[in-house]
Amino acid sequence: MIFEYAPAPESRSVVTLRETYDLFVDGEFTPAKSDEYLTSLNPADETELARVAVAGEADVDRAVAAARRAYDTVWSRMSGAERGKYLFRIARIIQERSRELAVLESMDNGKPIKETRDVDLPLVAAHFFYYAGWADKLRHAGLGPDPRPLGVAAQVIPWNFPLLMLAWKIAPALATGNTVVLKPAETTPLTALVFAEICQEADLPPGVVNILTGAGATGRALVEHPGTDKVAFTGSTEVGRGIARSVAGTDKRLTLELGGKGANIVYDDAAIDQAVEGIVTGIFFNQGHVCCAGSRLLVQESIADELLPRLKDRVAKLRLGDPLDKNTDIGAINSAAQLERIRELTDSGTDEGVERWSPPCELPSAGYWFAPTLLTGVSQAHRVAREEIFGPVLSVLTFRTPQEAVAKANNTPYGLSAGVWTEKGSRMLWTAERLRAGVIWSNTFNKFDPTSPFGGYKESGYGREGGRHGLEAYLG
Amino acid sequence: MAERRKGNAGKNPGKGAAEPAPVPGRLAVRKTYKLYLGGAFPRSESGRSYPVTSAKGDHLANASLASRKDAREAVVAARKAFDGWSARTAYNRGQILYRVAEVLEGRREQFTAQAVAAQGISRGAAERAVSAAVDRWVYYAGWTDKVAQVLGGSNPVAGPYYNHSAPEPTGVVAVFAPQDAPLLGLTSVVAPVIATGNTAVVVTSEHAPLAAVDLAEVLATSDLPGGVVNLLTGRVGELGPHLAAHADVNALDLTGAGDRAAEFEETAATTLTRVVRPGPESGGGEDAWLDPDPGTSRMTPFLETKTVWHPIGV
C-alpha cells in the first residue's frame with residue numbers, strides 16, 4: 001500500500017533576502033569596484049533570488065590587502081585560545097540561525113530541505129566547533145613543536161555544498177591563524193554572504209574573513225594573486241589542473257579536492273536491503289552532486305538479478321520535487337548548464353548501447369530537473385563508466401571475483417571514494433586495503449564528520465580536509 | 001657517441017677513488033658503471049656513457065648516460081615492484097632497510113675514499129657524510145612500522161561507526177636527487193620514499209653519480225626487491241621532462257631539479273602528480289643533510305591517507 005503524501009513545505013519566512021548583495025571586504029559589505037552583478041536563481045523554479053556583486057581584479061586586490069593587514073596586525077598575533085573563542089562563537093551563531101541558513105541553502109542550491117536541515121547545517125556547525133578546539137592545541141597536532149600559519153589563504157569552493165564547503169575551508173584556516181579570501185560558486189553565493197553577517201555578529205576582526213562573489217574570472221584572479229600564500233580549491237579536476245599549473249614555481253601551498261567516480265562494490269553475501277539503501281544514498285544523495293558519489297555500482301554477478309529489481313523498486317519510491325517540501329528526496333539540478341552536462345553524458349551512454357531506466361517520474365515544468373536514472377549493461381570502456389556525471393545517474397557493472405571487483409574499482413584516474421558491501425569482516429578489510437581511494441565506506445555510504453579526514457588519491461586531488469590531517473594544509 | 005669524449009680518460013689512473021691504488025706489477029681492474037633497473041645493472045639502451053671527473057677535473061670513470069627509454073623502463077620496473085613492496089609488512093621493510101645500513105657500514109671505507117676523490121672534500125667531511133648516510137638508513141628503518149601509528153589513527157566521529165585513518169604509499173615516486181650531495185643527500189631523499197612503501201625512480205647527481213651506482217650495489221645485496229629503487233645516471237634536462245609528464249608516476253621530488261623545478265611542477269599538474277619543491281637543503285652539499293632527525297617531512301608528501309568507515313551494531 002502506498003500512502004499519498006500531503007505537501008509539507010518549509011516556510012520561507014525565516015529568510016529575508018536583500019535585493020542586492022555587495023562584497024564582504026575588511027569586515028564590511030562594500031560595492032564591487034567592477035560595478036558588475038550576477039543574478040542568483042532558485043533552480044527549482046528559475047525565479048530570481050538576488051543580485052550579487054562580481055568581484056574584479058581591483059576588488060581581489062582590496063580583499064587580499066585586507067586579509068594581509070588582518071593577518072599581520074591581529075590574527076596571527078592573537079593567542080590560539082582567543083582565536084578558538086571566535087570560532088566557538090561562530091559555531092553557536094550558525095546553530096542559532098541554522099533554520100534560516102537551511103532554507104536559504106535549499107532555495108539557492110535546489111537541494112532538499114531535509115538534507116540542508118539534517119546534514120549540511122549540523123555538519124557546518126560541527127566543523128567550526130571541531131576546529132575551534134584545535135586553535136590552542138596546535139603544538140599537539142603532531143606537526144612539529146612550533147607550527148606556524150602560512151598567511152593569506154585564497155579559497156574557492158563549489159556549488160554542491162555551498163555552506164559546508166565554506167566551513168571545511170574557513171574553519172581550519174582560521175583555527176591555525178591564517179586569514180582568508182573566499183569565493184563561493186556563482187550559482188550559490190547567498191549563504192556565504194549570510195555567513196559574512198555572522199562574522200560581523202561574532203565581532204570577528206575586520207579582514208580575517210573576506211567573501212568575494214563572482215564567477216570563474218574572479219576565482220582565477222584570486223588564486224593567481226601574488227599576495228596569497230595558500231590556495232585551497234574544491235571543484236572540477238579540469239580547473240584543479242589549471243590551478244596546479246598556475247602555482248607551479250611559486251611558494252604557494254596548494255590543496256585540491258577534485259572529481260571522483262566512486263565504485264560501490266556489492267558482494268554476494270551483502271545484506272541486500274541495507275546495500276540497496278546504501279546504493280541509493282551513494283548516488284542520489286544531493287541529486288548526485290557529490291564528488292565522492294558512488295556513481296559506479298559493481299555488483300557480484302550471482303546476485304545482480306536479485307539486486308537490480310529491488311534497487312529499481314526502491315528508486316521508484318524516491319520523491320522528486322519542491323526542495324522546500326520536507327518529504328522531498330531529490331531536489332533540483334543546480335543550474336541549466338549542469339543539467340545540460342548531465343543530459344549530454346547520459347545520452348552518450350544510450351548512444352553507446354547502454355540500457356537506460358528511470359522510474360515513472362513527473363518532472364516540474366519550471367526549474368532544472370533530472371529523473372533518477374540507472375544505466376545497465378555498462379562496460380568499463382563506456383564514457384558513463386569513466387567520466388564523472390555529477391548528477392543522479394548510476395552506472396551498473398558486474399564482477400565475478402573479489403580480484404576483479406578491485407581491479408574494476410581501481411580502473412579510473414580518480415581515487416576519492418569507494419563503498420564495500422559484505423557481511424564478512426575479513427573480506428571487507430581485504431577489499432578496503434586494496435582500493436585506491438581516500439575514503440572507503442563499508443556497509444554505509446556518504447557519511448561525513450569533522451574529525452574524519454576526507455580527500456583523494458590520484459587525480460581526485462591532493463591533501464586532506466577534516467580531522468587532524470586537515471590542519472596540515474594550513475601550517476608551515 | 002657525442003657524449004662519450006675520450007678527453008683525459010686514463011690520464012691519471014691512480015687518482016680516481018673508484019680505482020684502487022695500483023699494486024706494483026698488477027694492472028688494476030677498472031669498474032664499469034651502469035644503471036640500476038629492476039634489480040639488474042644494464043647499460044643504457046642508448047649505448048651512451050659520459051665521463052665523470054673528480055672535483056679537480058681528473059677522469060674517474062664513465063657512467064651510463066640514461067635515455068628517455070631507460071627512464072620509461074625504470075617506471076615500468078618501479079610499478080611492477082610496487083604491489084609487492086607496499087604489501088610487505090612494515091616490519092619486513094624495516095628489516096630490509098636496516099640491512100642496507102649493515103651492508104653500507106661494511107663498505108664505509110670505499111664510500112669515504114670515493115667521496116674524497118669525487119667531491120674534493122676532506123677525509124673528515126667524507127667520513128661524516130658516509131656515517132650519516134648509514135645512520136639515515138637506520139633512522140628510516142625504524143620509521144617503517146611507526147609512521148602509521150604517528151600519522152594515522154582512530155577518528156572519534158559523532159555516530160556509531162568504526163572510523164580509522166591510515167597512511168598508504170602513493171605509488172611510484174620520481175626523485176631528482178640533490179646534485180651536490182651524492183651519497184648522504186641521495187640517501188636522505190630515497191630512504192623515506194621506500195620506507196613508506198613507495199617505489200622510486202631516481203635521477204642521480206649528474207656530475208657526481210658514482211656514489212649512487214655504488215649504493216645500488218649495496219641495495220642489490222640487501223634483500224631489497226628488484227625495482228623498488230631504480231637509479232638513472234644521466235641528465236636532469238633530458239630525463240626530467242619525460243618523468244614529470246609520465247602518467248604512471250604518482251609523485252615527484254624536485255630537490256635536485258635545479259632551475260627546471262618550476263617547469264617540471266607545471267608539467268606534473270596535468271596528471272595532478274604530487275610534487276615536493278626544492279627545499280632549504282638544496283645546494284648546500286652533504287653538510288646540509290646532516291640533521292640526524294629529519295622527522296616526517298620527507299615521508300608525508302608521498303603518503304595518502306585512507307579513511308575507512310564501518311557501522312557499529314549487533
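Only the coordinates and a few stated rules stand behind these numbers; no lab work does. Keep in mind that what you see is a predicted model, and the values were worked out from it rather than measured. Here Cβ is always computed from backbone atoms with ideal geometry, including for glycine, and neighbour counts include all displayed protein chains.
Selection among A:Met165, A:Val280, A:Ala221 by position relative to the dipole of region A:157-311 gives A:Ala221 as farthest towards the positive end (Cβ unit charges, Cα centre). Charged neighbours of A:Glu48, selected by a Cβ distance under 13 Å, balance to -2 (K, R count +1; D, E count -1).
For n ≥ 4 DSSP H runs only, could you compute -39500 (n - 2.57) per run for chain A, divide by its residues and tell me the 222 nm figure to the nearest 500? Walk me through the numbers before you get to the answer.
Working: 15 runs with 174 residues, N = 476.
Taken over chain A, the calculation gives -11000 deg cm²/dmol.
Remark: region A:331-339, residue by residue, has Karplus-estimated 3J(HN,Hα) of x, 8, 6, 5, 7, 4, 5, 5, 4 Hz, where x stands for each Gly or Pro and the curve is 6.51 cos²θ - 1.76 cosθ + 1.60 at θ = phi - 60°. Taking θ as phi - 60° and the Karplus parameters 6.51, -1.76 and 1.60, the scalar couplings of region B:182-189 work out to x, 10, 5, x, 4, 4, 5, 9 Hz in sequence order, x denoting glycine and proline. As a rough footprinting exposure proxy, the listed residues B:His246, A:His140 were ranked by other beta carbons within 10 Å of their own, and the order from fewest upward is A:His140, B:His246. On C-alpha positions alone, give me the angle between the axis of helix A:425-434 and the longest principal axis of chain A, in degrees, nearest 10. Here the helix axis deviates by roughly 60 degrees.
Longer than 26 Å from Cα to Cα, which of A:Lys114/A:Lys230; A:Lys169/A:Lys447; A:Lys169/B:Lys146 are they? Say none if no pair is.
Long pairs (Cα-Cα over 26 Å): A:Lys114/A:Lys230; A:Lys169/B:Lys146.
Highest-first packing order for the peptide set A:370-379, A:8-17, B:158-167 is A:370-379, B:158-167, A:8-17, based on the mean count of other beta carbon atoms within 10 Å. Near the amide H of A:Ala270, within less than 5 Å, lie the amide hydrogens of A:Glu423, all on another chain or at least 5 residues away, with H placed in the peptide plane.
Excluding B:Pro156 itself, what net charge comes from residues whose Cβ is under 15 Å from its Cβ, given Lys and Arg +1 and Asp and Glu -1? Working shown, then result.
On the way: positive: A:Lys137, A:Lys447, A:Arg468; negative: A:Asp449.
Combined, the nearby Lys, Arg, Asp and Glu give +2.
Per-residue shielding of A:448-455, expressed as the average number of other chain Cβ atoms within 10 Å of the residue Cβ, stands at 6. Each Lys and Arg adds +1 at its Cβ and each Asp and Glu adds -1 at its Cβ; summed about the Cα centre, the protein assembly as shown shows a dipole of about 2720 debye.
Along the axis of the charge dipole computed for chain B (Cβ charges of +1 for Lys and Arg, -1 for Asp and Glu, origin at the Cα centre), the listed residues B:Thr300, B:Val275, B:Val201 are led at the positive end by B:Val201. This ranking places B:Trp85, B:Trp137 by how few other beta-carbon atoms lie within 10 Å of each, fewest first, which gives B:Trp85, B:Trp137. Taking amide H atoms as placed 1.01 Å from N in the peptide plane, the amide H of A:Asn264 lies under 5 Å from those of A:Arg296, A:Leu297, A:Leu298, A:Gly419, each 5 or more residues away in sequence or on another chain.
Summarising the strand pairing of the protein assembly as shown, around 35 percent of its internal DSSP beta bridges are antiparallel. Sparse packing (at most 14 other Cβ atoms within 10 Å of the Cβ) combined with a DSSP loop state is found for the following trypsin sites (Lys or Arg not before Pro) in region A:370-476: A:Arg400, A:Lys424.
Take the Cβ atoms of A:Asp61 and A:Ala336, set R0 to 35 Å, and the FRET efficiency comes out at 0.60. Taking square-rooted eigenvalues a ≥ b ≥ c of the alpha carbon gyration tensor, is region B:220-290 rounded, prolate or oblate, where a/c under 1.5 means rounded and, failing that, a/b exceeding b/c means prolate? The shape class here is oblate. With only Cα atoms counted, region B:100-168 has Rg and Dmax values of 20.3, 64 Å.
Spin-label pair B:Lys69-A:Leu17: with each label point 7 Å from Cα along the Cα-Cβ axis, the two points sit 6.6 nm from one another. Our coupling estimate for region B:308-314, obtained by passing each phi through the Karplus curve with A = 6.51, B = -1.76, C = 1.60 and θ = phi - 60°, is 10, 10, 8, x, 10, x, 10 Hz, Gly and Pro reported as x. With neighbours defined as other Cβ atoms within 10 Å of a residue's Cβ, the residues B:Phe41, A:Phe3 order from fewest to most as A:Phe3, B:Phe41.
Given +1 at the Cβ of Lys and Arg, -1 at the Cβ of Asp and Glu and no other charges, the dipole of region A:81-202 around its Cα centre is 320 debye to the nearest 20.
Shape class of chain A from the alpha-carbon gyration tensor: prolate, with a/c at 1.5 or above and a/b greater than b/c. Would you mind checking the tilt of helix B:123-143 against the longest principal axis of the Cα atoms of chain B, expressed as 0 to 90 degrees and rounded to 10? That works out to roughly 20 degrees.
Can you give the helix-only mean residue ellipticity at 222 nm for chain B, where every DSSP H stretch with n ≥ 4 adds -39500 (n - 2.57) and the sum goes over all residues, rounded to the nearest 500 deg cm²/dmol? List each step's numbers first, then the result.
Working: 9 runs with 116 residues, N = 314.
Result for chain B, helices only: -11500 deg cm²/dmol.
Only lysines eight or more places from A:Lys312 in sequence, or on another chain, were considered; none has a Cα closer than 18 Å.
Placing one equal scatterer on every Cα of chain B and applying the Debye formula, the log10 ratio I(q)/I(0) at q = 0.07, 0.11 Å⁻¹ is -0.28, -0.65. Over all distinct Cα-Cα pairs of region B:95-228, the Kirkwood formula returns a hydrodynamic radius of 16.0 Å. Quick one: net charge around B:Arg277, please, counting Lys, Arg +1 and Asp, Glu -1 for every other residue with C-beta under 15 Å from its C-beta. Once all neighbours under 15 Å are counted, the net charge is -1.
For chain B, the dipole from Cβ point charges (+1 on Lys and Arg, -1 on Asp and Glu) about the Cα centre works out to 980 debye, to the nearest 20. Label reach from B:Val150 (point 7 Å along Cα→C-beta): in region A:136-150, amide nitrogens under 11 Å belong to A:142-144. Overall form of region A:350-476: oblate. Here a/c, set by the Cα gyration tensor axes a ≥ b ≥ c, is 1.5 or more, and a/b is not larger than b/c.
Between the helical axis of A:301-316 and the longest alpha-carbon principal axis of chain A there is an angle of about 60 degrees. For the pair A:Asp273 and B:Ala158, label points projected 7 Å from Cα toward Cβ lie 2.9 nm apart.
Quick one: which residues, 5 or more positions from B:Lys306 or on another chain, have an amide H under 5 Å from its amide H? H modelled 1.01 Å from N in the peptide plane, none for Pro or chain starts. Those qualifying (amide H under 5 Å, at least 5 residues apart or on another chain) are B:Ala166, B:Glu168.
Ordering A:Val74, A:Ser442, A:Val64 by the projection of their Cα atoms onto the charge dipole of chain A, which places +1 on the Cβ of Lys and Arg and -1 on the Cβ of Asp and Glu, puts A:Val74 at the extreme positive end. With a Förster radius of 45 Å applied to the C-beta separation of A:Arg400 and B:Ala262, the computed FRET efficiency comes to 0.40. Stretching A:Ala366 away from A:Arg310 to a fully extended chain increases their span by 17.0 nm, per 0.36 nm per residue minus the current alpha-carbon distance. Projected label points at A:Ala381 and A:His140, each 7 Å from Cα along the beta carbon direction, are separated by 5.7 nanometres.
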